[in-house]
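The values are calculated or read from the model by the stated rules, or taken from the named source; none is laboratory data. Predicted, not measured: the structure shown is a model, and the values here were computed from it. Virtual Cβ from ideal backbone geometry, glycine too; neighbours counted across all protein chains shown. Heavy atoms of the whole protein, side chains included, go into the accessibility calculation; ligands, DNA and RNA do not. Shrake-Rupley method; radii C 1.70, N 1.55, O 1.52, S 1.80 Å.
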Amino acid sequence: MLAWREPFAGERALGLYLLLDSNRVIVRGKAHRPNEGKVSNNGNFILNDWTGNGEKLSGTFYAFAASGEILVSKKFRANLNHNGISDDGRFAFCDTCTSDFEAHSDKTFVFDLETRALLSTIDERADGRYSFNPEHRVLGFIDDKSA
């Protein structure tokens, strides 16, 4: 299980995240504003850190091993939106909101957590549901708007 808490409005402290196994804390960490946490079956987990302050659009996507080791840390000059991780913990993605920095605006970024590499950048937000097929290295997005 993954849990996180953003700092309260006006609070200067960092937010907290915890990875738990059978009610035992196995990873404890801090981030500016941790959000959108997800954990895979092997314990790898992801978080969006909302570092923007309303005037500055920014965020950092993190992927961690079950030990707490950072596998991927990618800073963006756009606010982060959604993210996802494959059940086996091998692949993850995050998408961004609109920004005046074109390279990060309204895009989806796909990562291989085993090699710690950015696999692909898609010129559109992921928005909505997704499914990973790690065996065939396929990430599919389900467009709820057309249903």
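Couple of notes before you dig in:
- Going through (1) open to solvent by 20 Å² or more (accessible area, probe 1.4 Å); (2) among the hydrophobic types (A, V, I, L, M, F, W, C); (3) in contact with a Pro (Cβ under 7 Å, 6 or more places away or on another chain) one by one, Leu47 falls short only on (1).
- The listed residues are Thr51, Thr60, and the only one of them that is more than 22 Å from Ser131 (Cβ to Cβ), of a type in the set (S, T, N, Q), part of a loop (DSSP other than H, G, I, E, B) and under 16 Å from the mean Cα position of the chain (by Cα) turns out to be Thr51.
- Yes/no for Asn35 being part of a loop (DSSP other than H, G, I, E, B) and in contact (Cβ under 8 Å) with a residue 24 or more places away in the chain: no
- The set of residues in the stretch 91-134 that are part of a loop (DSSP other than H, G, I, E, B), within 17 Å of Gly37 (Cα to Cα) and either open to solvent by 60 Å² or more (accessible area, probe 1.4 Å) or in contact (Cβ under 8 Å) with a residue 60 or more places away in the chain (or both) contains only Leu113.
- Checking Asp95, Asp87 one by one, the residue that is touching a Lys or Arg at 6+ places or on another chain (Cβ under 9 Å), under 27 Å from Ser131 (Cα atoms) and of a type in the set (Asp, Glu) is Asp95 and no other.
- Subset of the stretch 54-74 [open to solvent by 70 Å² or more (accessible area, probe 1.4 Å) and among the basic types (Lys, Arg)]: Lys56
- Restricting the stretch 3-21 to residues that are assigned to a strand (DSSP E or B) and among the hydrophobic types (A, V, I, L, M, F, W, C), the residue that is nearest to Ala65 (Cα to Cα): Leu19
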